[in-house]
Amino acid sequence: MRKYTVKLVGDDAGELRLEQNKAEFKGKEFEYDAKFISTDVLLLRINGENHIVRLESSDGVKMELITEAVKYNVTCKNELDLVKEKYISSDNNRFKDKILSPMPGAVVKININEGDELKPGDVMLVLEAMKMENEIKTESDCIVAGIHAQEKSSVNKGQLLVTLSAPKSE
Amino acid sequence: MIKKILIANRGEIAVRIIKTAKEMGIKTAAVYSDFDRYSLYTKYADEAFYIGPSPASESYLLADKIIETAKMCGADAIHPGYGFLSERAYFSKMCKDNGIIFIGPPAEAIEKLGDKTAAKTLAMVNGVPTVPGTAEPISDAVEAKKIADEIGYPLLIKASAGGGGKGMRVVREGKDFESALRMSQNEAKSSFGDDSVFIEKYIEGGKHIEFQILADQHGNVIHLGERECSMQRRLQKIIEETPSVVINDELRNEIGERAKKLVKAAGYTNAGTMEFIMDKDRNYYFLEMNTRLQVEHPITEMRTDTDLVREQILIASGEKLSMTQEDVEFGGHTIECRICAEDPDNNFLPSIGRIDYISRPSGNGIREDSGIEEGDEISIYYDSMISKLITHGKTREIAIRKMDEALRNYIISGLKTNIEFLHSLLNSPAFMDGDYNTQYVERIFLPEVYKNERTLPDENTETALSIAAALFKERKEAAENGTIKSVNGHSSKWAGKKYEDYR
């Protein structure tokens, strides 16, 4: 018997218990058959009803799942995850101090200098990929602590571009 | 008659052209860059030849290299597809000078109609209404600003050599003009090698309506009706349909006849598309002529039961059009969705990766024009559009239902695509009612409809998602512990590789 706590965005969490071909979810019992069609595509037959579910992304707990051309954000925790959660505080509201490249591409232009005070929505730099230019903007008030990319250079997805520090409080 | 066609393009459009050529008994030769060595279209063609490194500027844009390859393999014609060299007058001329048939208009006609400024003047002379704006292309920023302030905002900056939304920007206020101009010029320069732009009044709340034209070398010109392409984001088309709900037979006939007159005046031959913007009161203004096959050409093909590539080949061979205007029959309703490798939840950033699974929709009235297959990598070098889904039904409602079903059954695994976004847009009240314009996606759908639309699934789907989540989690953990291997045992060779390794 494997136990999970599953939550869809906008819904209450539910308890899921899984056994070979048997499941209990939110107190109801189901029979199911599962087959991985590919690494990230799963065929599920639950009480005879077919569902094809595709996993688009996963960090182990948070997942993006797609079925019938609709995307759902789902979190799935096992007992170990729940224990970890208790002892590690959430860092959701932390100031975003590292700006990472959202895609591989080329840095076309850098608009900022170290020490600049920026307002939300200011364009820090411009990246080009697939022949389209994309502006990388700030989300909150901040000060430029460091610039880690050069104009006309190539960057990877996830590469550090800029470090920011929180604005001085008045 | 043409014996062998070299296709100076890649991806889905190369596959599309090869299909018709094969049906006509014509041999085909593909060209490829390093990246495309084993792409679907290269295998589907009878022959395939290497032309250079992955960046388009070192392969698909090399006119000399492509002409040389055509001569070497004995191709007597070149089809340019769309994008790349398709609207370059010099390329059409180079083909002619080398004794190769260019499957498209002659150089003089591309210059006259493909050049937006010249086309606008010609339209005015021939009694087709045009939008107020610059008469000449400009590249000087100071002068551009002065003209922009005179025309007034909002306005549109367009690359004079442009297409496909590249190098285009809408500017709403004078203070944003300079940065928009710079970005537009940079994109124009990197995409087309020409940074001159022109500026015109932006018609708010307009519909994008375009007309398909065919003209042979014997003076016969026909139109195949309109395509409504108002579902756009950043001037890139997303969903197209024909007929448009705002065009009746009388208006179709009026615009079609005017478009034909303009095409004749320019001495244009082969397939072309005349774009118009139409305001709320159904006033229409000529925007530009695309002197090539359009991405969205299949919706016209399915509604009129024609093969535009076949007509292009026949025209280029000097044959007469296979039909007159009276022969053109419009039947039913057709919709196209453009499937792109991009992430709608993250500002539509391009998504790259390896396609490890693909399941395509099919059936009566469903067509998929695709350039991809399992195992393919999607790169940053080329456009993010990977395939097109087209549905045809007796009524608009049936075509929509078929598209809805097709999108539900289209599964591409290994990278993010816009399939869910398309599905949501297709089912939006505005699309259902046909009541949308070119601003709908950016002004209303994205901020107000798409974000709020994440309704909860029904109970059975919720159960399925929950069990799936747990099984995916177990699988991921097992894979990390080394107890199982991934289904196909591959991982993307692109992940973690540096962009410059491929430059």
Practice task
Select, from B:Val441, B:Val449, the only residue that is more than 10 Å from chain A (Cβ to nearest Cβ) and either over 30 Å from B:Arg303 (Cα atoms) or among the basic types (Lys, Arg) (or both).
Solution key: B:Val449
Exercise for the section: Determine, yes or no, whether B:Ala479 is more than 30 Å from B:Gly206 (Cβ to Cβ), small (Gly, Ala, Ser) and open to solvent by less than 10 Å² (accessible area, probe 1.4 Å). Expected result: no
Exercise for the section: Return yes when B:Gly52 is modelled with pLDDT of 95 or more, over 17 Å from B:Leu308 (Cα atoms) and open to solvent by less than 10 Å² (accessible area, probe 1.4 Å) and no when it is not. Expected result: yes
Exercise for the section: Just give me the residues in segment A:98-127 being surrounded by fewer than 18 Cβ atoms within 10 Å (Cβ to Cβ), touching a residue at least 24 places away in the same chain (Cβ under 8 Å), more than 12 Å from A:Ala145 (Cβ to Cβ) and out of contact with any Leu (no Cβ under 7 Å at 6 or more places or on another chain), in sequence order. Expected result: none
Practice task
Kindly check whether there is at least one residue in segment A:140-147 that is surrounded by 12 or more Cβ atoms within 10 Å (Cβ to Cβ), of a type in the set (A, V, I, L, M) and within 14 Å of chain B (Cβ to nearest Cβ).
Solution key: no
Practice task
For segment B:354-367, indicate whether the set of residues that are under 18 Å from the mean Cα position of the chain (by Cα), under 30 Å from B:Ala119 (Cα atoms) and more than 14 Å from chain A (Cβ to nearest Cβ) is non-empty.
Solution key: no
Problem - Selected residue (only one of B:Ile247, B:Ile239, B:Ile222 is outside any strand (DSSP E or B) and either touching a helix residue (DSSP H, G or I) at 6+ places or on another chain (Cβ under 6 Å) or of a type in the set (Val, Ile, Thr) (or both)) - result: B:Ile247
Practice task
Check whether at least one residue in segment A:18-41 is part of a strand (DSSP E or B), more than 8 Å from every other protein chain (Cβ to nearest Cβ) and not charged (D, E, K, R), and report yes or no.
Solution key: no
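Yes/no per residue for (1) farther than 18 Å from B:Gly133 by Cβ; (2) within 12 Å of chain A (Cβ to nearest Cβ); (3) open to solvent by less than 10 Å² (accessible area, probe 1.4 Å):
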site	(1), (2), (3)
B:Lys145	no, no, no
B:Leu155	no, no, yes
B:Ala161	no, no, no
B:Gly167	no, yes, yes
B:Glu178	yes, no, no
B:Glu187	yes, yes, yes
B:Ser190	yes, yes, no
B:Ile199	no, no, yes
Exercise for the section: Give the number of residues within segment A:72-86 that are without any contact (Cβ under 8 Å) to a residue 40 or more places away in the chain and open to solvent by 100 Å² or more (accessible area, probe 1.4 Å). Expected result: 3
Practice task
Starting from segment B:1-28, take each residue that is over 25 Å from B:Lys320 (Cβ atoms) and list its partners that are at pLDDT below 95 and assigned to a helix (DSSP H, G or I), counting only C-beta distances under 8 angstrom and pairs at least six apart or across chains.
Solution key: none
Practice task
Go through segment B:48-87 and give me each residue that's assigned to a loop (DSSP other than H, G, I, E, B) and either farther than 16 Å from B:Ile13 by Cβ or out of contact with any Leu (no Cβ under 9 Å at 6 or more places or on another chain) (or both).
Solution key: B:Pro53, B:Ser54, B:Pro55, B:Ser59, B:Leu62, B:Gly74, B:Ala75, B:Asp76, B:Gly83, B:Glu87
Fill in the blank from the handout: Condition set facing another protein chain (nearest Cβ under 10 Å) and out of contact with any helix residue (DSSP H, G or I) (no Cβ under 7 Å at 6 or more places or on another chain), scope segment A:44-54, selection nearest to B:Lys473 (Cα to Cα): answer is A:Arg54
Practice task
With respect to A:Pro102, determine if the residue is over 21 Å from B:Met168 (Cα atoms) and at the interface with chain B (Cβ under 10 Å from one of its Cβ atoms).
Solution key: yes
Practice task
Identify all residues within segment B:239-267 that are buried (at least 18 other Cβ atoms within 10 Å of the Cβ) and within 22 Å of the chain's Cα centre (by Cα); write none if there are none.
Solution key: B:Ile239, B:Glu240, B:Glu241, B:Thr242, B:Pro243, B:Ser244, B:Gly256, B:Ala259, B:Val263
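One line per residue, one yes/no per condition, for (1) in contact with a helix residue (DSSP H, G or I) (Cβ under 6 Å, 6 or more places away or on another chain); (2) closer than 22 Å to B:Tyr60 by Cβ; (3) open to solvent by 20 Å² or more (accessible area, probe 1.4 Å):
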residue	(1), (2), (3)
B:Thr291	yes, yes, no
B:Leu314	no, no, yes
B:His333	yes, no, no
B:Ala341	no, yes, no
B:Tyr381	no, yes, no
B:Lys394	no, no, yes
Exercise for the section: Just need a number here: residues in segment B:20-54 that are of a type in the set (D, E, K, R) and within 17 Å of B:Ile386 (Cβ to Cβ). Expected result: 2
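Table: residues versus (1) part of a strand (DSSP E or B); (2) not assigned by TED's automatic domain parsing to the domain that holds B:Asn270.
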{"position": "B:Thr121", "(1), (2)": "no, no"}
{"position": "B:Leu156", "(1), (2)": "yes, yes"}
{"position": "B:Arg182", "(1), (2)": "no, yes"}
{"position": "B:Ile209", "(1), (2)": "yes, no"}
{"position": "B:Ile213", "(1), (2)": "yes, no"}
Fill in the blank from the handout: Out of (1) over 23 Å from B:Gly114 (Cβ atoms); (2) assigned to a loop (DSSP other than H, G, I, E, B); (3) in contact with a Leu (Cβ under 7 Å, 6 or more places away or on another chain), the one B:Tyr268 does not meet is (1)
Problem - Total residues in segment B:438-461, condition part of a helix (DSSP H, G or I) and either among the basic types (Lys, Arg) or surrounded by 12 or more Cβ atoms within 10 Å (Cβ to Cβ) (or both) - result: 13
Handout entry: Hits in segment A:58-72 (condition: assigned to a strand (DSSP E or B), at the interface with chain B (Cβ under 8 Å from one of its Cβ atoms) and out of contact with any Phe, Trp or Tyr (no Cβ under 8 Å at 6 or more places or on another chain))
Key = A:Thr67, A:Val70, A:Lys71, A:Tyr72
Exercise for the section: Kindly indicate whether B:Gly81 is open to solvent by less than 10 Å² (accessible area, probe 1.4 Å), at pLDDT 95 or above and farther than 26 Å from B:Met1 by Cα. Expected result: no
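The values are calculated or read from the model by the stated rules, or taken from the named source; none is laboratory data. Just so we're clear, the structure is a prediction, and the values are computed from it rather than from any experiment. Because the Cβ atoms are built from the backbone with ideal geometry, glycine has one as well, and the counts that use them run over all protein chains shown. With ligands, DNA and RNA removed, areas are computed over all heavy atoms of the protein, side chains included. Shrake-Rupley method; radii C 1.70, N 1.55, O 1.52, S 1.80 Å.
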